[in-house]
1. By how many nm would the segment from residue 4 to residue 264 grow when fully extended, if each residue of separation counts as 0.36 nm and the alpha-carbon distance is taken off?
2. Which order do the peptides 220-227, 11-18, 91-98 come out in when sorted by mean C-beta neighbours inside 10 angstrom, highest first?
3. Starting from the Cα-Cα distance between residue 82 and residue 150, subtract it from 0.36 nm times their residue separation and give me the gain in nm to one decimal.
4. So, R0 is 51 Å and r is the distance between the beta-carbons of residue 175 and residue 24; what FRET efficiency does that work out to, to 0.05?
5. For the modelled label position 7 Å from the Cα of residue 115 along Cα-to-Cβ, which residues of the range 127-147 have backbone nitrogen atoms closer than 17 Å?
6. Among 151-158, 135-142, how do they line up by average Cβ neighbours within 10 Å per residue, starting with the highest?
7. Only one of the listed values, (i) 1.02; (ii) 1.08; (iii) 0.91, was derived from the coordinates as Cα Rg over 2.2 N^0.38 Å; which label is it?
8. Based on C-alpha coordinates, I'd like the Rg and Dmax of the range 23-176, in Å.
């Protein structure tokens, strides 16, 4: 798979799935539903699922079902539905391992400056999606992208906006960042659901504002985002990670239809 495959239609492309792989059955059900919705609408789709959730507030938070087990689930999704898959990596040593199972390696926002991680991901030949740090300006992301390009990945870079830290327990989205990063020549994705997190709560569980998902998504399409990143779950209330800011799966169809109309209007 190449980036051109994702940007080959007049629609935006979609990265969507659960935050972390909780089990095979759930992953397959979510993938099947989103494949159906996106195929009907000619929206290129990438299944998203972290094989391990390394960044958790509390020591006792769920992190995954085991690396190899979760990666095998991602490969099963990939092979069953003939779709690309994306997962996060957290260290240079993980890049080669994960690349055997997925099409896109995602660099978490907190790690977007880690040179050894970026270059290791690039060396696999996979597409590398770099999330913008909550502490960085959009302009600073060109240096992260250059680290990937330095290893021969000029056509394999995507950048993702996911909000900027605003005080201790909130994030805001500066939509100027989307066209600013697009000027570098790479597709830009808007991470809708993570930008609506309310981190660092005293209970040790991240909060969120899922009621704003539609607003953020519409605005992102209006200013030219190439793709959208949406974490979705059949029942966010019982999700093992990020449930407070996820989109309920049965709401995705209506949202996609609205976003297609926005895309048509601005085009």
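1. 91.6 nm
2. 11-18, 220-227, 91-98
3. 21.4 nm
4. 0.85
5. Label zone hits: 141-147.
6. 151-158, 135-142
7. Read-out taken from this structure: (iii).
8. 16.0, 43
Bear in mind that the values in this text are calculations on the coordinates, not laboratory data. If you're wondering where the values come from, they're calculated on a predicted model, not measured in any experiment. Counting neighbours? That spans all protein chains shown, and the Cβs are built from the backbone with ideal geometry, glycine included.
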